[in-house]
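One structure is given here, and the rest of the page talks about it.
We did not get these values from a lab; they are worked out from the coordinates using the rules stated. What you are looking at is a predicted structure, and each value in this text was computed from that prediction instead of being measured. Neighbour counts are summed over all protein chains in view; Cβ atoms, including those assigned to glycine, are modelled from backbone coordinates with ideal geometry.
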Amino acid sequence: MGRACGVYGEIFKCREIMTVEKTEYINRSDKKIKTPQKPAGVAIFWGLGLILAFVLVRHHNPLADQVTEQMKKVSGCVLITFTCIIFTIYYERILTIPAELFQSRKLIWKLAKNDFKNRYAGSYLGIIWATAQPIVTVVMYWIVFDKVFDTRSQMVASGLEVPYVLYLTAGLVPWFYFSEAITQGTMALLEYNYLVKKVVFNISILPIIKVISATFIHAFFVVVLLIVSIGYGYYPNMYTLQLIYYSLCMFLLVLGMSYLTCALVVFIRDLQQIISIALQIGMWATPILWNITMLKTDNMKMLFKLNPLVYIVNGYRSAIYEEEWFWEHFYSSTYFWIFTISLFCIGTLIFRRMRVHFADVL
């Protein structure tokens, strides 16, 4: 059986390599990657940054604390300026990888499907194992925190008016996506080291292959989340379409992080263990099992909201049962996108700087 599994896995690897060899014409050197002209691209980016800064400064919430709101505006303008400066200085380097991904989009899709199939190729139950552990996790958390410790009563006291299992599922679904995607994306270069050593292969597509592969499983759990919400009387409506938006937010966030971590883990193998520990801490630092309104002070709430996953987890809940649009949380949306764009720029810059050494180390 083990031998058969090994042969089966090799078949998928051979298919991937054959696909690569058939599409070598799109995987050339950086010199042939076409990017928009720098003056036009920089002007557009700065224009968007100025518009966003103007809207940020002019936005006013009469119900919010004025000192806190002023701090948000100043911080937002600083982040916008910093992002625009980095984009201007490293324009061509930042856009090289997005251009490569666009030109290799067909190859990326084929390899992502092969990666998803190959992951469960050697087991009897196949893809069922991808869904079994998360479902068991949701059930166990629900039993322990809702039935045993009666967390429900505490959540009601903090303002929660929905069934705890729905609240819990809406928080765990995006977290499972993040955890799976960042774990797999970090190991992309190590797992596909035989492709990294191919001179003609464009290794910049490997992290996104892993993230897309994790997206397939996430799509299944979004359906499970909708079924749970319908079971409790929360039927899909126009707000539910925001699940697409928040899934895109998670995709871009974890993609930027994957470029950074997969480049570093080649040289620092301990990073894999560090990420595992960080995920354990991150789950409790994100309001998944608890409600952020339970925090006593506004400063504590602001500190926890610096975690970009808070925006996404709360967004999933808004789309399912709170019936709020993402633009109603103006400061949170602005901060998230500035953070994500900055992270993607930094991640791709480090990846591009280090990739000439990947083959030598691996």
Inset, instruction - Alpha carbons only, please: Rg and Dmax for region 222-362, in angstrom. - result: 17.8, 57
Legend entry - Cα centroid separation, region 264-295 to region 175-231 (Å): 17 Å
Legend entry - Top positive-direction residue, dipole computed over region 247-358 with Cβ charges, set Phe358, Leu289, Met300: Phe358
Inset, instruction - Please turn the phi angles of region 300-313 into ³J(HN,Hα) values with the Karplus equation 6.51 cos²θ - 1.76 cosθ + 1.60 (θ = phi - 60°), one per residue in order, whole Hz, x for glycine and proline. - result: 5, 4, 5, 4, 5, 6, 5, 6, x, 5, 4, 4, 6, 4
Inset, instruction - With label points built 7 Å along Cα→Cβ from the Cα atoms of Glu323 and Ile244, find their separation and express it in nm. - result: 2.2 nm
Inset, instruction - Quick one: net charge around Pro287, please, counting Lys, Arg +1 and Asp, Glu -1 for every other residue with C-beta under 12 Å from its C-beta. - result: +3
Inset, instruction - Could you line up Ile312, Ile230 from fewest to most neighbouring Cβ atoms inside 10 Å? - result: Ile230, Ile312
Inset, instruction - State the percent of C-alpha pairs, over all pairs in region 105-361, separated by a distance greater than 34 angstrom. - result: 20 percent
Inset, instruction - Using per-residue counts of other Cβ atoms within 10 Å, averaged over each peptide, order 168-174, 348-354 from highest down. - result: 168-174, 348-354
